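Working notes, structure below.
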Amino acid sequence: MNKAELRRQLAHKGLSQVKMARAIGVADRTMRAYCLGEDPIPGPVELAVRYVVEHMSDEELARRIGPASERRKFDGRKDKVYSR
């Protein structure tokens, strides 16, 4: 998967980079790097994105992403979610 395909997948499911990042468990900054082509997209990330787009229901996706009040903060450790 390249950055263009990743962007197509996001658009197809109607997800932002941030929402997809939360759905598959990567940092928002990491997803942004994939979408910009700054980092190669690893195979497991490609599989996770395809699963979300092709198989995950909107209800399941909403549960996985969590409430809108959750925001990611970078504290030196990847993928840690803090609730306010």
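Considering the range 39-54, and only residues there that are within 17 Å of residue 65 (Cα to Cα) and of a type in the set (A, V, I, L, M), the residue that is farthest from the chain's Cα centre (by Cα) turns out to be 53.
Comparison of 8, 22, 63 shows that the only residue that is modelled with pLDDT of 95 or more and among the basic types (Lys, Arg) is 8. Scanning the range 1-17 for residues that are closer than 20 Å to residue 55 by Cα, out of contact with any Cys (no Cβ under 6 Å at 6 or more places or on another chain) and free of Cβ contacts under 8 Å to residues at least 24 places away in the same chain turns up 5, 8, 11, 14, 16. Scanning the range 20-38 for residues that are within 8 Å of the chain's Cα centre (by Cα) and not in a helix (DSSP H, G or I), which turns out surrounded by the fewest Cβ atoms within 10 Å (Cβ to Cβ)? This residue is 25.
The values are calculated or read from the model by the stated rules, or taken from the named source; none is laboratory data. All values reported here derive from a predicted model rather than from experimental measurement. Don't worry about glycine lacking a Cβ; one is built from the backbone with ideal geometry, like all the others, and counts go over all protein chains shown.
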